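K.L.:
One structure coming up, written as structure tokens, with questions to follow.
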Amino acid sequence: MRFKKRYILYEIESCHKFCCNDIITAIMKAVQTAYGDYGKAVIQKVLYVKYFDCNTNTIIIVVPRKHCLMVQSAVCFIKLIKCKEASMRTLHVGGTIKSTKKILLAQRYQELPRAFLECKTQEEREKVQASIFDSCSGKLESQIEENTFKMRRNVVTTTTTTTTTATTTTTTTTTT
């Protein structure tokens, strides 16, 4: 049987920038507050980030299908992330990463013209024009794929380092 999961696309509404771990920590605290130790224990091993962009404050998290509503309801209570005011708005819940990425790209396409109008300097306009060109040529999709791959590689590296450290500690304890 395959592992059935949901991909949840969130937009973090805040003027502050956060790292991926800050957001996951806030979600875990919210789940523990709403559902207690049971909720935290159920979500702790299976909740992970598929994509995160600190510039646009968008994140895609992956949760098991049966715990999707638990995470969504707990996220509604998030008011602070790392002691800074923030809230998370659900943009999409999908069964595949492909459908979730389509929504993410559609959202970015809608933001680009608005960002162009808000530019004050020529340099800012050139950056937005480059973003519009990248989105039309398909580079935006490849950037999302690349960022997703980096997130996956970082998770594997972190897990391997933790396992190696635990093995070394056990060996040292046994020898002593």
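K.L.:
Take the residue pairs 4/84; 40/84; 98/120; 29/120; 40/98; 4/29 and return only those whose Cα atoms are more than 32 Å apart.
P.N.:
With Cα atoms farther than 32 Å apart: 4/84; 98/120; 29/120.
K.L.:
Let me ask something else about it. First select every other residue whose beta carbon is under 12 angstrom from the beta carbon of residue 81; then total the charges, Lys and Arg +1, Asp and Glu -1.
P.N.:
+2
K.L.:
Residue separation times 0.36 nm, minus the C-alpha to C-alpha distance between residue 82 and residue 45: what's the value?
P.N.:
11.2 nm
K.L.:
Quick check on the exposure proxy: order 53, 22, 37 from fewest to most C-beta atoms within 10 angstrom.
P.N.:
37, 53, 22
K.L.:
Let's test the formula: R0 of 22 Å, r as the Cβ-Cβ distance of residue 96 and residue 24. What FRET efficiency results, to the nearest 0.05?
P.N.:
Here the calculated transfer efficiency is 0.50.
K.L.:
Follow-up question, since we're still on this one. Only counting other Cβ atoms within 10 Å, I'd like 70, 88 sorted with the fewest neighbours first.
P.N.:
Starting with the residue having the fewest Cβ neighbours, the order is 70, 88.
K.L.:
Kindly identify the range 58-106 as rounded, prolate or oblate by the Cα gyration tensor criterion: order the square roots of the eigenvalues as a ≥ b ≥ c, call it rounded if a/c is under 1.5, otherwise compare a/b with b/c, prolate if a/b is larger, else oblate.
P.N.:
oblate
K.L.:
Right, next: In nm², what is the average projected area of the convex hull enclosing the Cα atoms of the range 1-95?
P.N.:
5.7
K.L.:
Taking the mean number of other Cβ atoms within 10 Å as a proxy for protection, how do you rank 72-82, 115-125 from highest to lowest?
P.N.:
Listed from highest to lowest mean packing, they are 72-82, 115-125.
K.L.:
Provide the FRET efficiency to the nearest 0.05 for the residue 109-residue 16 pair, computing r from the beta carbons and using R0 = 25 Å.
P.N.:
Here the calculated transfer efficiency is 0.50.
K.L.:
Efficiency by 1/(1 + (r/R0)^6): what FRET value for residue 123 and residue 55, r their Cβ-Cβ distance, R0 = 25 Å, to the nearest 0.05?
P.N.:
Given R0 = 25 Å and the Cβ-Cβ separation, E is 0.95.
K.L.:
How do 67, 16 rank when sorted from fewest to most other Cβ atoms within 10 Å of their own Cβ?
P.N.:
With the fewest neighbours first, 67, 16 line up as 16, 67.
K.L.:
Label-point separation (nm) for residue 130 and residue 116, each offset 7 Å from Cα along Cα-to-Cβ?
P.N.:
For residue 130 paired with residue 116, the spin-label model returns 1.7 nm.
K.L.:
Taking the range 22-70, which trypsin sites (Lys or Arg not before Pro) meet the DSSP loop condition and have no more than 16 other C-beta atoms within 10 Å?
P.N.:
Answer by residue number: 45.
Read-outs: derived from the displayed coordinates by stated rules, not from any lab. Not measured: the values here are computed from a predicted model. Here the Cβ is made from the backbone with ideal geometry for all residues, glycine too, and neighbour counts use every protein chain on show.
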